[in-house]
Amino acid sequence: MDITISLPDGSQKTLPQGSTALDAAKSIGAGLARAAFAAKINGHLCDITTPLTDGATLAIVTYKDKEGPKILRHTAAHILASAVKRLYPKAILEDGPATDTGFFYDIMLPEAVSPEAFPAIEAEMEKIVAEASPLVRKELSREEALALFDGRGERFKIETIESLGEDDVISIYEMGDFVDLCRGPHLQSTEGVKAIKIMNVAGAYRKGDATREQLVRFHAVAFPDKKLLKEYLTLLEEAKKRDHRRIGQDLDLFSFQDEAPGFPFFHAKGSILYNTLLAFMREELDKRDYTEIRTPMILNKDLWLRSGHWDHYRENMYFTEIDERDFAVKPMNCPGGLLVYKNGMHSYRELPIRAAEFGMVHRHEMSGVLHGLFRVRCFTQDDAHVFCTTDQLQAEVENIIDLVLHVYNTVGFKDVAIELSTRPANSIGSDEIWELATETLKKALEHHEIKYQLNPGDGAFYGPKIDFHVKDCLGRTWQCGTIQADFSMPERFDLTYVGDDGEKHRPVMIHRAIFGSIERFLGILIEHYAGNFPLWLAPVQVRVLSLSSDLLDTAADIAAQLKAAGLRVETDVRDEKIGAKIREAEMMKIPVMLIVGKKEAAEGKVSVRRHGKGDQGALTLAEAIATLKEESASRKQ
């Protein structure tokens, strides 16, 4: 008896009863079967050897798919754990999840492990890969699983099993003589992981609890071939050169102080960069009829209960008490924006209302995850909240998509990936509201003919969202912008407008951010450009260099004219050789140097140098100013 399955392109395939996803891949083509990592059967991710049923939908997952790298890394985590157990038989395993960039495994070891031990562990991993052991999934009863891991001395696994619910499926994966408690899925065999490298080890408390056992956390990366590993390591070296924390210090942009861990201090030049970015955004918002509001940083507990943040976000918030009442420092700007709208009566003729806010928010982060400007405890969001009718919702989302892509293109991000995230398990609002909001976002994307990735279950607790991921010059992706459709908050806050029928109606609320965290976005920009900002963004756009110290007045006059033209300028009139002055300006990554000597001064000219490009020839000062002013105003890359 045969079965019929449906493929992603809408076609159907007939296979013998008992066929697996791998059999289906083989029937499509040998190349696909070799590349297959796992399968999605009826939308559920599972092993490629999983049997198919009649009427099932099937998608083959390869390394190129979103889930592919994590499946490979998860298998690599088992390989690492197996290698460690072979070399350290008394080791006790905790768990080893895949991450966005690699994987880690937490293990209790009988002795300290340093980087000197990495070659031996990596050699053992290579042996396991060469053994080409299949990864075989088995489901066990609670009693069978407890007996298995008790016999292997894995007390952490026993504790995990005991914490599972009565209805939870308990599955293990066998890999040669190694066994691990795991949901899967995994590669067919260890030979699919052609390259693994341990990057570092660190201490980690079990379950993140400082009162529990101290474990060793192995951080590692894995790839399907050695070429990709080599490319990754090269990329890593380049990323180190571009580390925004080092560049920020070298260019005197920002710092972090012991007196305020996780809270950035922007210096004068960093503030110029920060404000230049905001000025650009304000200019774009003004073109699109946004207003700008500002709301308090601290609001009372009742507000956060009403918004739902108290129940859904409390662990990330800071609290205080005023006049014996509970208050919270805002982790988001949305509730304040709702109160501003609610402060007055609104007519349908006013809608849409587009209210922007560059609001500073505070979120509690563990010290171990703080990372320069990428992960801080206070930051400014370039928020906006659009209040509109249901009929206006799609057009407003389309307009925001246009704005997001224009902003990214202007600052230098040409490659943008888009995700549509749907209803999470922990959500508020009716099924009808969620369906309407999700369908509207889909239609807005389809109107733009934008390809997007569906991200099921990852929406905000109050509505679905569109997320924008920019790709930097190293090929790394960063999630920055978001558009969220929200029918629930207007209901919770009883927002209304008077319609053309004279009756009160409920508006829809759109939450949107483009930079996201401005601090984080600046960190991304710093690394993208390695501090070599285009002229319009550079904190110091021009430095005037004198060939001799007796040209101080001339250099000052040139600087004054540049400043009057709206350019950011410094002078260097020290009694130093011009070569030293040029080297320092190059180190500070100043885009343009204008050099003036007695000859240039007499002719009313300047010699122009570009950072990293050298001498560009002489221009009259008027020509130089006109060229630089136009370049800055047009925001050329």
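A few points about this structure:
- Of the two radii for the range 1-153, the radius of gyration is 1.05 times the Kirkwood radius, both from the alpha carbons; that is the Rg over Rh value.
- Cut-off under 5 Å, modelled amide H: who pairs with T50 long-range: A21, L22
- Degrees between helix 268-287 axis and first principal axis of the chain (Cα, 0 to 90, nearest 10): 80 degrees
- Kirkwood-Stokes translational diffusion coefficient of the range 438-578, alpha-carbon pairs, 10 °C, 1.306 mPa s, µm²/s: 79 µm²/s
- Rounded to 5, percent antiparallel among DSSP beta bridges of the chain: 85 percent
- D (Stokes-Einstein, µm²/s), Kirkwood Cα radius, the range 583-637, 1.567 mPa s at 4 °C: 109 µm²/s
- For the range 209-305, the share of alpha carbon pairs falling in successive 10 Å distance bins from zero is 11, 18, 24, 28, 16, 3 percent.
- Links that overshoot a 32 Å alpha carbon limit, given the list K269/K442; K197/K442; K207/K330; K226/K414; K40/K471: K269/K442; K197/K442
- Extent along principal axes [Cα atoms of the range 480-536; Å; largest to smallest]: 57, 22, 12
- Least to most buried among T57, T276 (fewest other Cβ within 10 Å first): T57, T276
- Calculated on alpha-carbon atoms, Rg and Dmax of the range 542-633 in Å: 11.8, 34
- Estimated from the Cβ-Cβ distance and a Förster radius of 51 angstrom, the FRET efficiency linking D289 and A123 is about 0.20.
- Farthest towards the positive end of the charge dipole of the chain, among the residues T276, G481, I293, is the Cα of T276, using unit charges on the Cβ of Lys, Arg, Asp and Glu.
- Angle in degrees between helix 393-411 and the longest Cα principal axis of the chain, rounded to the nearest 10: 70 degrees
- Selection from P352, M366, W310, by position along the positive dipole direction of the chain (Cβ): M366
- Dimensions of the chain along the principal axes, based on C-alpha atoms and rounded to the nearest Å, stand at 92, 73, 59, largest first.
- Reachable lysines, given that their alpha-carbon falls under 21 Å from the alpha-carbon of K605 and they are not under 8 places away in the same chain: K563, K577, K581, K613, K629
- Residues whose placed amide H lies under 5 Å from that of Q616, excluding near-sequence neighbours: V608, R609, R610
- Cα gyration tensor category, rounded, prolate or oblate, for the range 255-379 with a/c compared to 1.5: oblate
- Diffusion constant of the range 87-229 at 4 °C, which comes from Stokes-Einstein with the Kirkwood Cα-pair radius and 1.567 mPa s, µm²/s: 79 µm²/s
- Calculated FRET value between A626 and H406, using beta carbons and R₀ = 35 Å, to 0.05: 0.85
- Each Lys and Arg Cβ is given +1 and each Asp and Glu Cβ -1; about its Cα centre, the chain then shows a dipole of about 1900 debye.
- Helix axis angle, 142-151 relative to the chain longest principal axis, alpha carbon, degrees: 80 degrees
- Note on the range 2-61: Cα-only Rg and Dmax are 9.9, 25 Å.
- Cα→Cβ-extended label distance, 7 Å offset, between R152 and T4, nm: 4.3 nm
- Ranking of K227, K40 by neighbouring Cβ atoms within 10 Å, starting from the fewest: K227, K40.
- About the centre of its Cα atoms, the range 189-331 shows a dipole size close to 760 debye [charges on the beta carbon of Lys, Arg (+1) and Asp, Glu (-1) only; nearest 20 debye].
- In the chain, helical runs assigned H by DSSP with n ≥ 4 each contribute -39500 (n - 2.57); averaged across all residues and rounded to the nearest 500, the mean residue ellipticity at 222 nm is -11000 deg cm²/dmol.
- Orientation-averaged projected area, Cα convex hull of the range 91-130 (nm²): 3.6 nm²
- Amide H contacts of L215 (H built 1.01 Å from N, in plane; Pro and chain starts excluded): A204, Y205, R206 sit under 5 Å, all sequence-distant by 5 or more or on other chains.
- Residues of the range 53-96 with amide N under 19 Å of the 7 Å Cα→Cβ point at K13: 53-68
- With the convex hull drawn over the C-alpha atoms of the range 344-463, the volume per residue is 172 Å³.
- Sorted fewest first by neighbouring Cβ atoms within 10 angstrom, M345, M199 come out as M345, M199.
- Projecting the Cα atoms of T53, G10, G29 onto the charge dipole of the range 2-61, computed from C-beta unit charges around the Cα centre, puts G29 farthest toward the positive end.
- Shape call, the range 179-229: gyration tensor on alpha carbons, a/c limit 1.5: oblate
Just so you know, all these numbers are worked out from the coordinates, no wet-lab data involved. Remember, predicted model here, so these are calculated numbers, not experimental data. Glycine gets a Cβ as well: all are built from the backbone with ideal geometry, and neighbour counts include every protein chain shown.
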